[in-house]
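The values are calculated or read from the model by the stated rules, or taken from the named source; none is laboratory data. Values in this document were obtained by computation on a predicted structure and should not be read as measured data. No Cβ is skipped: glycine too gets one built from the backbone with ideal geometry, and neighbour counts run over all protein chains shown.
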Amino acid sequence: MNVGNLSRERAVTLSPDDIPTSWYNIQADLPEPIQPPLDPGTMKPVNPAMLERIFAKELVRQEVSTERFVKIPDEVLDAYLRQLRPTPLYRAKRLEAFLKTPAEIYYKCEYLSPAGSHKPNTALAQAYYNKKEGVQRLVTETGAGQWGTALAMSSSLFGLKCRIYMVRVSFQQKPGRRTMAEVWGSEVFPSPSDQTKFGRSLLEKDANHSGSLGIAISEALETTLEDDNSRYCLGSVLNHVLMHQTIIGLEAKKQFEMIDKYPDLICGCVGGGSNFSGLSFPFMVDRLKGKTETEFVACESKAVPHTTRGVYTYDFGDTAKITPLLMMLTLGHEYVCPPIHAGGLRYHGMAPLISYLIQKGYMRSIAYHQREVFEAARILAQTEGMITAPESAHNVKYAIDEALKCKRTGEKKVIAFNNTGHGLLDLSAYQSFLDGKLLDYEPGKIEVPTFDH
């Protein structure tokens, strides 16, 4: 038996020397520029310099950059290597055998970081740039808690304070992630909270408000603007965040080259869009240049159908209307997200870059109910052993469905998805599923505002 060949059939690994040294910026290769953020007062493009009170200056520069590759600082590369990057590209052979499919299913193992998800890929970069510019405290929001824990860890590693507003329903459902963030030295408050004027105004109307990412963003921004030594960090949606995540796809591209394969289909779950873009953008450039016909499929919750039922228009990124207006697929900034366990998908809007690519037909999207994605996650666990996060379970569901189609048609597609986080802090949700108590939620009332521009 050749153990080396046997291993490569299951896990394709890169050496630390092969880690990408630059992030890929897809803005350099789009057919035309995406629509700029607008100042809601003037309806004119926002001057990037105005954002420097909120974000680190270098992150603002990256947000508007059309430079194709942006060098990863040595300090961030060192932090990546200490996070067990590069991560393996794993072939799900047992899942394939269970499904009796001719398709090949691969996933990127992004759950191996100490924080348990892909989020440190941008959290480490954002903490580094803020530290370099003399910032003392980072402020953010978090849905399921994966982003919050990643920024808490990164803040600790770079010697920064950190405050996190965690969506209240996730604060209650996922106490383990709050504990992780506090072990790393961060403050964590359920949102809406009594720490901000906006939070208090919502609690006065509903003391048991379940919260949303839009509300938590508003609270984080309010706190940031009250303290000159604080800066805000976002875990998804923005261009620079999506760019940092391309370390995933750049590694995956090298790994597929090592086994002489290229994905026919790439899928990923979408809340704000960071993990899906991280895997897909380095492959999307080949589609944009007409070199491949790879399919790109965004998988979301039917309870928060921002790409399947949203409107492509300008909208606020937060509920309190503090942010600039972003051109995106949106359900409206006041959309009340049902309390699904995939808290990372509970956001009203989609990243402008992902929205653009869906709108232009380079990507498409599909939505699933909660129980069917947990069933897909159970199949993955019982075949591959890996218990995935509820968010990632959405793309597991799609990969399984597509593999079963290949079984019927005989197609030998290569399917790739981003396994973005483990579900070991989501076991209460899995128990609810096993007990038959997990609910499917219908979407809330969709009211998308219109803005003249």
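If the condition is being more than 28 Å from Tyr165 (Cα to Cα), hydrophobic (A, V, I, L, M, F, W, C), in contact with a Leu (Cβ under 9 Å, 6 or more places away or on another chain) and surrounded by fewer than 24 Cβ atoms within 10 Å (Cβ to Cβ), then the range 364-396 contributes Ile379, Met386. Val76 fulfils the conditions (1) touching a strand residue (DSSP E or B) at 6+ places or on another chain (Cβ under 6 Å); (2) closer than 30 Å to Ala389 by Cβ; (3) not assigned by TED's automatic domain parsing to the domain that holds Pro263 except for a single criterion, (1). Restricting the range 360-409 to residues that are closer than 29 Å to Ser428 by Cα and of a type in the set (S, T, N, Q) leaves a set whose member that is nearest to the chain's Cα centre (by Cα) is Ser392. The strands (runs of 3 or more DSSP E) found wholly in the range 1-101 and carrying at least 3 residues that are in contact with an Asp or Glu (Cβ under 9 Å, 6 or more places away or on another chain) and not polar (S, T, N, Q) occupy 89-91. Looking at the range 39-61, which of the residues that are without any contact (Cβ under 8 Å) to a residue 12 or more places away in the chain and out of contact with any strand residue (DSSP E or B) (no Cβ under 7 Å at 6 or more places or on another chain) is nearest to Phe316 (Cα to Cα)? The qualifying residue nearest to Phe316 (Cα to Cα) is Gly41. Does the range 153-170 contain at least one residue that is without any contact (Cβ under 8 Å) to a residue 12 or more places away in the chain and at negative phi? Scanning the range 153-170, I find no residue that is without any contact (Cβ under 8 Å) to a residue 12 or more places away in the chain and at negative phi, so the answer is no. Restricting attention to the range 348-368 and to residues that are in contact with a His (Cβ under 7 Å, 6 or more places away or on another chain) and either aromatic (Phe, Trp, Tyr) or not in a strand (DSSP E or B) (or both), the residue that is modelled with the lowest pLDDT turns out to be His348. Among the residues of the range 259-287, those identified as hydroxyl-bearing (Ser, Thr, Tyr) and surrounded by 22 or more Cβ atoms within 10 Å (Cβ to Cβ) are Ser274, Ser277, Ser280. Condition first: part of a helix (DSSP H, G or I) and of a type in the set (Phe, Trp, Tyr). Can you find one or more residues in the range 106-118 that meet it? The answer is no, given that none of the residues of the range 106-118 is part of a helix (DSSP H, G or I) and of a type in the set (Phe, Trp, Tyr). Within the range 196-219, restricting attention to residues that are within 24 Å of the chain's Cα centre (by Cα) and over 16 Å from Gln172 (Cβ atoms), the residue that is surrounded by the fewest Cβ atoms within 10 Å (Cβ to Cβ) is Ile217.
Every condition in (1) modelled with pLDDT under 95; (2) out of contact with any strand residue (DSSP E or B) (no Cβ under 6 Å at 6 or more places or on another chain); (3) of a type outside the set (Val, Ile, Thr) is met by Leu157 except one, and the failing one is (1). Kindly indicate whether Arg68 is of a type in the set (D, E, K, R), without any contact (Cβ under 8 Å) to a residue 24 or more places away in the chain and closer than 30 Å to Thr323 by Cβ. Considered against the rule, which asks whether it is of a type in the set (D, E, K, R), without any contact (Cβ under 8 Å) to a residue 24 or more places away in the chain and closer than 30 Å to Thr323 by Cβ, Arg68 comes out as no. Here Ser154 passes the criteria (1) closer than 22 Å to Gln83 by Cα; (2) touching a Gly at 6+ places or on another chain (Cβ under 8 Å); (3) buried (at least 24 other Cβ atoms within 10 Å of the Cβ) except the one numbered (2).
Once the range 137-172 is narrowed to residues that are within 15 Å of the chain's Cα centre (by Cα) and not in a helix (DSSP H, G or I), the residue that is nearest to His348 (Cα to Cα) is Gly143. For Asp17, are the conditions met, namely being surrounded by 13 or more Cβ atoms within 10 Å (Cβ to Cβ) and either closer than 23 Å to Met350 by Cα or over 24 Å from the mean Cα position of the chain (by Cα) (or both)? Judged against the criteria, Asp17 is not a match. Condition test on Arg137, is it modelled with pLDDT of 95 or more, charged (D, E, K, R) and more than 28 Å from Thr388 (Cα to Cα)? So Arg137 fits the description; yes.
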